[in-house]
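The values are calculated or read from the model by the stated rules, or taken from the named source; none is laboratory data. Model, not experiment: these values are computed from the prediction. Positions of Cβ are generated from backbone atoms using ideal geometry, with glycine treated the same way; all protein chains shown enter the neighbour counts. Ligands, DNA and RNA are excluded from the accessible area calculation, which covers all protein heavy atoms including side chains. Shrake-Rupley method; radii C 1.70, N 1.55, O 1.52, S 1.80 Å.
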Amino acid sequence: MQRTGRGYSAIQATRPQTLGYGLTDSPAGQAAWIAEKFWAWTDNDGHPEDALSRQTILDEISVYWFTASATSSARLYWEGFANFRDKVTAPSGLSVYPRDITRPSRREAELRFTDLRWFEELPHGGHFAALEQPESLVRQVRGFFRLFR
């Protein structure tokens, strides 16, 4: 993943407008860009459809296409990358899904999140936990916020 899976981040953090123009101009290019992320970042056995239905994947691609939001989604990296490694002092929780892009250890997470109150490694899921494992994600969010009742 380190060698071949981080190019998207570099281009979105440095040239989001250029990428955005290309993706907004080409439905096939945008479909390929997003579908590849579902292949690489879901908890699958070689096909993204192992984790998500084809319809769900096409729905997600369509949202980007019909809202012309490829550029704004890429700009998120450009706008936020400068502060990405800053310390977070607010009470924090981290749920680590096994096929996510990054999977920090608790020790590593505590270096950035200085008030880490929730840390759990889950058995299934990837980067798109809300789509892949919605019940699990809801349990994680509820569990974290129960700490503050």
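Please verify whether residue 52 is of a type outside the set (D, E, K, R), at negative phi and open to solvent by 30 Å² or more (accessible area, probe 1.4 Å), treating the condition exactly as stated. Spell out how you get there, then give the answer.
On the way: of a type outside the set (D, E, K, R): yes; at negative phi: yes; open to solvent by 30 Å² or more (accessible area, probe 1.4 Å): no.
So residue 52 does not fit the description; no.
The set of residues in the stretch 22-43 being outside any helix (DSSP H, G or I) and under 15 Å from the mean Cα position of the chain (by Cα) consists of 42, 43. Taking the stretch 93-149 as the search range and keeping residues that are among the basic types (Lys, Arg) and closer than 23 Å to residue 44 by Cα, which one is surrounded by the most Cβ atoms within 10 Å (Cβ to Cβ)? Filtering first and then ranking leaves 99.
Summed over the stretch 27-41, residues that are buried (at least 20 other Cβ atoms within 10 Å of the Cβ) and either acidic (Asp, Glu) or touching a His at 6+ places or on another chain (Cβ under 7 Å) (or both) total 1.
Note on the stretch 7-26: residues that are surrounded by 13 or more Cβ atoms within 10 Å (Cβ to Cβ) and within 25 Å of residue 132 (Cα to Cα) amount to 4.
Is it true that residue 59 is outside any helix (DSSP H, G or I), open to solvent by 60 Å² or more (accessible area, probe 1.4 Å) and out of contact with any Asp or Glu (no Cβ under 6 Å at 6 or more places or on another chain)?
Details: outside any helix (DSSP H, G or I): no; open to solvent by 60 Å² or more (accessible area, probe 1.4 Å): yes; out of contact with any Asp or Glu (no Cβ under 6 Å at 6 or more places or on another chain): yes.
No, not satisfied.
Does residue 57 satisfy the condition of being modelled with pLDDT of 95 or more and within 15 Å of the chain's Cα centre (by Cα)? Judged against the criteria, residue 57 is a match.
Might you check whether a residue that is assigned to a loop (DSSP other than H, G, I, E, B) and among the hydroxyl-bearing types (Ser, Thr, Tyr) occurs anywhere in the stretch 5-21?
We begin by selecting, within the stretch 5-21, every residue assigned to a loop (DSSP other than H, G, I, E, B); these are 5-6, 15.
Keeping just the survivors that are among the hydroxyl-bearing types (Ser, Thr, Tyr) gives none.
Scanning the stretch 5-21 turns up no residue that is assigned to a loop (DSSP other than H, G, I, E, B) and among the hydroxyl-bearing types (Ser, Thr, Tyr).
Matching residues to (1) under 25 Å from residue 7 (Cβ atoms); (2) touching a helix residue (DSSP H, G or I) at 6+ places or on another chain (Cβ under 9 Å); (3) part of a strand (DSSP E or B):
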site	(1), (2), (3)
102	yes, no, no
108	yes, no, no
111	no, no, no
120	no, yes, yes
131	yes, yes, no
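Scanning the stretch 60-106 for residues that are at pLDDT 95 or above and small (Gly, Ala, Ser) returns 62, 90, 92, 93, 95, 105. The set of residues in the stretch 6-29 being under 19 Å from residue 67 (Cβ atoms) and not aliphatic (A, V, I, L, M) consists of 12, 16, 17, 20, 21, 22, 24, 25, 26, 27, 29.
How many residues are outside any helix (DSSP H, G or I) and either open to solvent by less than 60 Å² (accessible area, probe 1.4 Å) or in contact (Cβ under 8 Å) with a residue 40 or more places away in the chain (or both) when one looks only at the stretch 68-92? Break it down stepwise before answering.
Filtering the stretch 68-92 for residues outside any helix (DSSP H, G or I) gives 68-69, 84-92.
If we keep only those that are either open to solvent by less than 60 Å² (accessible area, probe 1.4 Å) or in contact (Cβ under 8 Å) with a residue 40 or more places away in the chain (or both) as well, we get 68-69, 88, 90-92.
Qualifying residue count for the region: 6.
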